[in-house]
Amino acid sequence: MISLESIEELKEYIGKITGKSPWVNVSQNRINEFAKATEDYQWIHLDEEKSKKGPFGSTIAHGFLTLSLAPWMSYNTYEVKNIAHSVNYGLDKVRFLSPVKAGSNLRGSFKLLEVTPSKSGFKIKNELTIEIEGEDKPACVAETLGVLYPPN
């Protein structure tokens, strides 16, 4: 994980990879708990027996479960010190490119695209690529947006 002293130091990473998160396991239990939290009970996520005969040979994680790991991945990739706080501002382009089978390990790779002054802070845009361990094609590619607020 890299630790940056300021927003100005962060700007030096525009166009560069800021790092990769550790691997995180997407267990069937995690998928089940996500289904409960979101009330998305589609069989392809939960029915292990039926899914063995389905298109992926296994249950798969919800796309939004995969995407919901983005904050954890970010917190474990880089930090900017000497700010008051930061908030999630949203997402731009999001694509789910490969299914995440239960038991897979994922990690996020972040590339800083923009640091733009805003009314009360700095908007940041990262390209997040969520990799599946042992697979060539990523699970998800998204542009994440955040706002960093300088100290008062």
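Just so it is clear, none of the values below were taken in a lab; they were calculated from the coordinates. Computed from a predicted model, the values in this text were never measured in an experiment. Counting neighbours? That spans all protein chains shown, and the Cβs are built from the backbone with ideal geometry, glycine included.
Taken along the Cα-to-beta-carbon direction at a fixed 7 Å, the label points for LYS119 and PHE56 span 4.0 nm. What you get for the range 98-152, charging only the Cβ of Lys and Arg (+1) and of Asp and Glu (-1), is a dipole of about 260 debye around the Cα centre. Projecting label points 7 angstrom from Cα along Cα→Cβ for GLU5 and GLU49 puts them 6.2 nm apart.
Rounding to the nearest 20 debye, state how big the charge dipole of the chain is about its Cα centre with +1 on each Lys and Arg Cβ and -1 on each Asp and Glu Cβ.
Details: 18 positive and 19 negative charges, 33 e Å.
My answer is approximately 160 debye.
Quick one: angle between helix 28-38 and the longest Cα principal axis of the chain, in degrees between 0 and 90, rounded to 10, please. Once rounded, one gets 70 degrees. Computed from the Cβ-Cβ distance with R0 of 22 Å, the FRET efficiency linking GLU135 to GLU79 stands at 0.20. Ordering ILE7, GLY57, GLY108 by the projection of their Cα atoms onto the charge dipole of the chain, which places +1 on the Cβ of Lys and Arg and -1 on the Cβ of Asp and Glu, puts GLY57 at the extreme positive end.
Of the two radii for the chain, the radius of gyration is 1.04 times the Kirkwood radius, both from the alpha carbons; that is the Rg over Rh value. Starting from the Cα of SER68, move 7 Å in the Cα-to-Cβ direction to define the label point; list residues of the range 19-50 whose amide nitrogen is under 11 Å from there. Under 11 Å, as judged by backbone N against the label point of SER68, lie 30-40 of the range 19-50.
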